[in-house]
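Below is one structure, written out as structure tokens; comments come after it.
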Amino acid sequence: MASKGALMADAYPKIVEPAEPAEPARPEPPRPEPAPPVPARRRRRGRGRWIGLLVLLLLVAGGGVLAWQRYGATPAAEAVVTDAVIRGDIENSVTASGLLSPIQDVDVGAQVSGQLKSVKVEIGDRVKAGDLVAEIDSASIETQIEIAEAELANLDAQMIDKKAQVVLAEANLQRQQNLVAGNSAARSALDEAVAARATADASVAGLEAQIRKQQATLKDARISLGYTKIYAPMAGTIVDVVAKEGQTLNANQSAPTIVTIADLSTMTVEAEVSEADIGKLKLGMEAYFTLLGQPGERYEGTLRQIKPTPSTENNVVLYYALFDVPNPDGRLMMNMTAQVFFVRGAARDVLTVPVAALKGSGEAGKAEVTVLTADGRRESRSVETGIRNRVRAEIRSGLSEGDRVVVASGADDQASGSSRGSGRNGNRMRGMPPMF
């Protein structure tokens, strides 16, 4: 027996809904081709870049930590630089450079013209005053002497004749005077006799003048003959030979130099001192110099002259200060370069400290120093200073040998750094590392 629901479904007709039209089929997109496999080298390169970047980040981080530790953290202990009080010599001096020259030298030349016949010396020879140095050919001067002697003999012969004329004029004058006194001759004859005697006397006087002139000419020729032999005017060393044998010398315009003689037993130092230091020098002050080739040797002397006329080199005014030093062994030579020291003050075997350790107190000869004690503490002391130079200073009281004085400290470095940073970056934050 059919159920009641089934009977009811059969009693009513079924309603059929129209079907929706089907969508057209879409074509499938093309499948991408598989990518080629990445080479192993490129994979390693990419991995290396990541490792390098990681190392760079670690370095930056480490640098930041170090910078913070250096500039941001406060140091536990302040570093100091100390130096010991030592005993030694100290001097305050004016330094200059100079050249060595002989205390005396002379250029020996020719006073007459002629050919240089011979040179008797060579460079380095020692000579005494009066030694023969050179000789000039004397033939021309000897001929001049012969001519002068012959002319003088001629004048002497003429003098005999002139004196005979004087004797004759004197006799004629006496005779005319006797005749006029006896009224045996005219007065005019006596006047002629007087005039003849005067003429004879004048002739003798004129001839005597010619003879003196010729004698002077002969004397000059003989002197010139002596000049053909050239002698050393002083004792010394031959430092230069200018002329050569066979050379013709012309002494009419200027005396040609043949040799130069210098006294090398004593050398003179000509030091060039700047105008800023020349006022610190006094005549008689102690001076010494050293040589480049003899650094451990000191040559001492006394300042004897300051030339008033300076020289100017590259707009720098320099004065010449001279002092002499003995040179018995000849070790000092001409034109050597000397490092010169003019001593203003010196002390021997005294306590000294670096100048950087002194702090000014405003009084002459007074200063303050910081002493580092044995237990590491700092102690300020007043000291009396003496001679000082650019490096060290003499301590007369207030310190003992072996004490250690503070030359520089971290506070000084920080203060100097702050003063240097007061410019463009003066407002930099304290404790931060510099960016530039």
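All of the numbers you see were taken from the coordinates with simple rules; none came from a lab. Keep in mind the model is a prediction, meaning the values are calculated, not measured. When we count neighbours, we look across all protein chains shown, and the Cβ atoms used for this are built from the backbone with ideal geometry, even at glycine.
Observations, loosely collected:
- Per-residue extension of 0.36 nm, minus the Cα-Cα distance of residue 208 and residue 139, leaves a gain of 21.9 nm for this segment.
- Order of 267, 333 - criterion: other Cβ atoms within 10 Å of each residue's Cβ, fewest first: 333, 267
- R0 of 60 Å, Cβ-Cβ distance residue 223-residue 344: FRET efficiency to nearest 0.05: 0.65
- Residues listed by number, segment 113-139, amide nitrogen under 18 Å from residue 235 label point at 7 Å toward C-beta: 124-133
- In this structure the amide hydrogen of residue 299, modeled in the peptide plane, comes within under 5 Å of the amide hydrogens of 289, none closer than 5 places in sequence on its chain.
- Dipole in debye (nearest 20) - segment 138-227, about Cα centre, beta carbon charges: Lys, Arg +1; Asp, Glu -1: 320 debye
- Net charge contributed by nearby residues that have their C-beta within less than 13 Å of residue 327 (K/R +1, D/E -1): -4
- Reachable lysines from residue 117, criterion Cα separation under 27 angstrom, eight or more residues apart if same chain: 128, 219, 229, 244
- A simple packing score, the average count of other Cβ atoms within 10 Å per residue, orders the peptides 308-320, 170-182 as 170-182, 308-320, with the highest score first.
- Residue-count net charge about residue 260 - beta-carbon cut-off 11 Å; Lys, Arg +1, Asp, Glu -1: -3
- Efficiency of FRET from Cβ geometry, residue 242 and residue 164, R₀ 60 Å, rounded to 0.05: 0.55
- Modelled this way, with points 7 Å down the Cα-to-C-beta line, the labels at residue 311 and residue 79 are 4.9 nm from one another.
- Long-range HN-HN contacts of residue 131 with modeled amide H, under 5 Å: 232
- Fully extended contour minus Cα-Cα distance, from residue 391 to residue 275, at 0.36 nm per residue: 39.5 nm
- Net +/- balance of residues flanking residue 201 in space, Cβ distance below 13 Å, scoring K and R +1, D and E -1: +1
- Take the Cα of residue 297, step 7 Å toward its Cβ, do the same at residue 183, and the gap between the two points is 11.0 nm.
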